[in-house]
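The values are calculated or read from the model by the stated rules, or taken from the named source; none is laboratory data. Everything numeric here is computed off the predicted structure, so don't read it as measured data. Every residue, glycine among them, receives a Cβ derived from its backbone with ideal geometry; neighbour counts consider all protein chains shown. The protein model used for the area step is the full one, side chains on, heavy atoms only, and it has no ligands, DNA or RNA in it. Shrake-Rupley method; radii C 1.70, N 1.55, O 1.52, S 1.80 Å.
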Amino acid sequence: MAEPADPVDWEAKYREGATPWERPGLHPAFLDWRARGVLRPGRVLVPGAGRSPEPLALAEAGFEVTVVDSAPSAIAAQTARLERVNLWAQVVKADFFTWEPGQPFDAIYDQTCLSALPPGLLPDYAARLRRWLRPGEKLFVLFVQTGQDGGPPFHCDLSRMHELFAPGEWEWPPVLPDPYPHPVGFTEQPVVLGRV
Ligand SMILES: C[S@@+](CC[C@H](N)C(=O)[O-])C[C@H]1O[C@@H](n2cnc3c(N)ncnc32)[C@H](O)[C@@H]1O
């Protein structure tokens, strides 16, 4: 699959308003996981959170939220939103390929972050996700399905995802739920992966 010729300038995209991945509200997968109690309060990491509303919703639901993103506009948006509520949240401006948390998390919520990364970076990213999560806890991830070469977002071929999140290291559900359509046209496969 083709890699981008240049690294993506996410900050420029926020400044230019070129953010087609942003949904108008909370992700339906998030609402489902929260309503069914699969996503249980604890210390949760949202990598590449951008300006998404889920970190605030998590904080309001009683989670201890940590957000990490490298784009200043994303950090400013999350900080402003989370500072308005008097809840525990940490907003970190960092490149998550060099950042390490002090201790692993009870849950990770990845929404269009993994799919934003060039496929060549995914083995490193998947290893980090495993390291950042406590054994026995869960990764809530949306695997973008574009069916096309190139990106972002990059197509997350499910066979490739099984290689990256290998059984033995990760527990997959026996049956995957239906994917969610995204307003822009691709679909997103929700998966809850148990960290072995
Ligand atoms: C496609 S956006 C998704 C944003 C958000 N999750 C959402 O659903 O709206 C990808 C985000 O990942 C962030 N990102 C990409 N690579 C990163 C890296 N190496 N370290 C930290 N953040 C990164 C970008 O700044 C951007 O905010």
**Prompt:** Is one or more of the residues making up the range 150-162 open to solvent by 70 Å² or more (accessible area, probe 1.4 Å) and within 14 Å of the ligand (Cβ to nearest atom)?
**Reply:** no
Exactly one of 176, 129, 193 is away from the ligand (no atom under 14 Å from the Cβ) and open to solvent by less than 10 Å² (accessible area, probe 1.4 Å), and that residue is 193
Within the range 31-69, the count of residues that are within 16 Å of the ligand (Cβ to nearest atom), of a type in the set (D, E, K, R) and in contact with a Gly (Cβ under 8 Å, 6 or more places away or on another chain) comes to 1
Condition set within 16 Å of the ligand (Cβ to nearest atom) and not in a loop (DSSP other than H, G, I, E, B), scope the range 132-149, selection nearest to residue 96 (Cα to Cα): answer is 132
Taking the range 85-111 and keeping residues assigned to a strand (DSSP E or B), more than 12 Å from the ligand (Cβ to nearest atom) and acidic (Asp, Glu) leaves 106
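Looking only at the range 51-77, filter to residues that are of a type in the set (A, V, I, L, M) and within 18 Å of residue 28 (Cβ to Cβ); which one of those is surrounded by the most Cβ atoms within 10 Å (Cβ to Cβ)?
We begin by selecting, within the range 51-77, every residue of a type in the set (A, V, I, L, M); these are 56-59, 61, 65, 67-68, 71, 74-77.
Restricting the remaining residues to those that are within 18 Å of residue 28 (Cβ to Cβ) gives 56-58, 61.
On the way: 56: 19, 57: 17, 58: 26, 61: 14.
The qualifying residue surrounded by the most Cβ atoms within 10 Å (Cβ to Cβ) is 58.
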